[in-house]
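J.: I am attaching a structure below and will ask some questions about it afterwards.
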Amino acid sequence: MPVAKPESSDSRVIAHVDMDCFYVQVEQRKQPQLRGLPTAVVQYNEWKGGALIAVSYEARKFGIKRSMRGEEAKEVCPQVQLVQVPVARGKADLSGYRNAGSEVVSILARRGRCERASIDEVYLDLTDAAEMMLADNPPQGMETIDEEALKSHILGLNNEDGSDVKENVRNWIHRHNADHRDKLLACGILIVAELRMQVLKETEFTCSAGIAHNKMLAKLASGMNKPAQQTVVPFSSVKGLLDTLPIRKMKQLGGKLGISLQMDMGVNTVGDLLQFPEEKLQERYGINTGTWLWNIARGISGEEVEGRLLPKSHGSGKTFPGPRALKTVPAVQHWLNQLCEELSERLCSDLDQNKRIAHTLTLHARAYKSSDSDSQKKFPSKSCPLRYGTAKIQEDAFNLFQAGLREYIGFYGGKTRGSHCRGWGITSLSVSASKIVPIPSGTCSIAKYFHGQSTSHFSSMQSSDNLNTEATLSLPSGSI
DNA sequence: CATTTCGGGTGT
DNA sequence: ACACCCGAA
């Protein structure tokens, strides 16, 4: 659990920006005739029409939900437009969505520290930008407030019957007697509205946003009014917001921990947590998680927005469900080669574009063992130093798999004849690259890592293709 | 063992 | 290093 020092007097301006049904928007930008139609993105479509992973708001009106099957969606709404995720090397290829996410990040990073939280979400620390605006052009003195900002939802703002909602927002932003925190959030409203308009103009994507004094509240708010809207959480409305909020709505509490709070402690809402002394929460959930929970109940979260525009790892994986389980070593090798090819390509792009090098290769697999003493044993993950070059990565990944398989099946494996094996099947495979670090500053070439090879030789092989097939880049661990 | 494919994080 | 949890399209 994140344990950053909490400040009850937290006056930061934090925004969480969340793209609306992002994969759908990416596909609709590629095929503009789909705009405005009920649309969903499906992964594969051979088995029951594929799995829905993103659903447009028009399609949601028909009751179409994520995790439905394509065929099921067609039953509920025959006119729904189903777009398939691109396939490359026999697996889903998400690169188009990753690249679209990068477009958005590069825009949102203009006004403050920016953290890429996922493929379609970012946190922004706009404190400095808000303080600056307050100092030399405060919203209280502005003639006109942008229309996009006036569409903001401000939690706790009284919209009496018959009152003009936009006028209320305008008044809230203009208030001279507001405390410093509300004035900072008013600046946040304007900055985020402008950023969202820039994102729309430059990428054609809409997004929603939450603006609050910390990451937890900003994240909570960004999901409250979608699509294409923004929501503000003034300090004074925090208690009222959390008091009746179901515990599972809080990030990190949507899983087992949230269930445990409900079942074991009788905590149904965030407000219910307030009754428990910090020590009680600590003895039940540990020092870190206990304190974290105590703070959450009070709307306190000191987590910083990390300045990080790039992912910390790259992974490529595929599942082989049901009868598709891989039952021979050569079949596993074939798919590992496909996964490693994709991973290698992405590592080369990262090297070219961001001058970063990954240091660790990890293989994950899931397997079943039908008739065996411990058929519920898990296939172990294995990792090793990462060597660049597609063939090297494929070789290393296969060796990791074989090491894991020997452990998994035990000394007396189930090999029968040739390469056919009985008693086990691989239901998922994934390879990932982590411990990614920038090449030391001042170095824009990787030539120095080819010990024994001349720089001039390297300078003739900068293309990704050469690097993919020829390079034998191997970093001594700890050399960066 | 038919959501799948990611990515981030903590505990040991 | 490895197991397990969390959440999002």
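J.: List pairs: first residue in the range A:318-339 and farther than 14 Å from A:S428 by Cβ and more than 16 Å from DNA strand C (Cβ to nearest atom), second residue open to solvent by 50 Å² or more (accessible area, probe 1.4 Å) and part of a strand (DSSP E or B) anywhere in the structure, Cβ distance under 7 angstrom, at least six positions apart or on different chains.
T.: A:T328/A:H420
J.: Going by what's in this entry, would A:A365 be described as open to solvent by 20 Å² or more (accessible area, probe 1.4 Å) and among the aliphatic types (A, V, I, L, M)?
T.: no
J.: Further question on the same structure: Take the residues in the range A:422-437 that are surrounded by 19 or more Cβ atoms within 10 Å (Cβ to Cβ) and of a type outside the set (G, A, S); name whichever of them is farthest from A:E407 (Cα to Cα).
T.: Taking the candidates together, the pick is A:I436.
J.: Here is a follow-up. Among the residues of the range A:386-420, which ones are of a type outside the set (D, E) and touching a Pro at 6+ places or on another chain (Cβ under 9 Å)?
T.: Result: A:A403, A:G404, A:Y408, A:S419.
J.: Name the residues in the range A:230-255 that are within 15 Å of DNA strand C (Cβ to nearest atom) and over 20 Å from the mean Cα position of the chain (by Cα), would you?
T.: Of everything in the range A:230-255, those that are within 15 Å of DNA strand C (Cβ to nearest atom) and over 20 Å from the mean Cα position of the chain (by Cα) turn out to be A:T231, A:L245, A:P246, A:I247.
J.: Then there's this: Does A:G322 satisfy the condition of being within 12 Å of DNA strand B (Cβ to nearest atom), within 25 Å of A:E46 (Cβ to Cβ), over 23 Å from the mean Cα position of the chain (by Cα) and not charged (D, E, K, R)?
T.: Criteria met by A:G322.
J.: Scan A:H176, A:H153, A:H180 and give me the residue that is assigned by TED's automatic domain parsing to the domain that holds A:M224, in contact (Cβ under 8 Å) with a residue 24 or more places away in the chain, within 24 Å of A:K219 (Cβ to Cβ) and exposed (fewer than 13 other Cβ atoms within 10 Å of the Cβ).
T.: A:H180
J.: Could you list, in sequence order, all residues of the range A:281-304 that are part of a helix (DSSP H, G or I), surrounded by 14 or more Cβ atoms within 10 Å (Cβ to Cβ) and charged (D, E, K, R)?
T.: The answer is A:R284, and nothing else.
J.: Tally up the residues in the range A:261-271 that are free of Cβ contacts under 8 Å to residues at least 12 places away in the same chain and in a helix (DSSP H, G or I), please.
T.: Of the residues in that region, 1 qualify.
J.: Going through A:N158, A:N168 one at a time, which residue ends up being over 30 Å from the mean Cα position of the chain (by Cα) and loosely packed, with under 13 Cβ neighbours inside 10 Å?
T.: A:N158
J.: Next up: Take A:N225 and tell me if it is modelled with pLDDT of 95 or more, assigned to a helix (DSSP H, G or I) and either more than 13 Å from DNA strand B (Cβ to nearest atom) or open to solvent by less than 30 Å² (accessible area, probe 1.4 Å) (or both).
T.: no
J.: Are any of the residues in the range A:321-337 part of a loop (DSSP other than H, G, I, E, B), within 23 Å of A:V104 (Cα to Cα) and either in contact with a strand residue (DSSP E or B) (Cβ under 7 Å, 6 or more places away or on another chain) or open to solvent by 40 Å² or more (accessible area, probe 1.4 Å) (or both)?
T.: no
J.: Now a separate question. Within the range A:356-388, how many residues are more than 9 Å from DNA strand B (Cβ to nearest atom), of a type in the set (K, R) and farther than 19 Å from A:Q333 by Cβ?
T.: 3
J.: Please tell me if A:E160 is charged (D, E, K, R) and not in a helix (DSSP H, G or I).
T.: For A:E160, the condition - charged (D, E, K, R) and not in a helix (DSSP H, G or I) - is met.
J.: Moving to a separate point now. Quick one: would you say A:T269 is closer than 26 Å to A:D128 by Cα, in contact with a helix residue (DSSP H, G or I) (Cβ under 7 Å, 6 or more places away or on another chain) and more than 16 Å from DNA strand B (Cβ to nearest atom)?
T.: The answer is no for A:T269.
J.: I'd like to verify a number: residues in the range A:383-409 that are without any contact (Cβ under 8 Å) to a residue 12 or more places away in the chain and near DNA strand C (Cβ under 9 Å from one of its atoms), how many?
T.: 0
J.: Can I ask one more? Would the range A:73-82 turn up any residue that is touching a residue at least 24 places away in the same chain (Cβ under 8 Å) and within 12 Å of DNA strand C (Cβ to nearest atom)?
T.: Within the range A:73-82, none of the residues are touching a residue at least 24 places away in the same chain (Cβ under 8 Å) and within 12 Å of DNA strand C (Cβ to nearest atom).
J.: Strands (runs of 3 or more DSSP E) wholly in the range A:366-480 with at least 3 residues that are at negative phi and modelled with pLDDT of 95 or more - which ones?
T.: Because the criterion is at least 3 residues that are at negative phi and modelled with pLDDT of 95 or more, the strands (runs of 3 or more DSSP E) in the range A:366-480 that meet it are A:382-385, A:424-438.
The values are calculated or read from the model by the stated rules, or taken from the named source; none is laboratory data. From a predicted model like this one, the values you see are computed outputs, not experimental measurements. Cβ sites come from the backbone with ideal geometry, for glycine too, and all protein chains shown count toward neighbours. We work out accessible area using only protein heavy atoms, side chains counted, and drop any ligands, DNA or RNA first. Shrake-Rupley method; radii C 1.70, N 1.55, O 1.52, S 1.80 Å.
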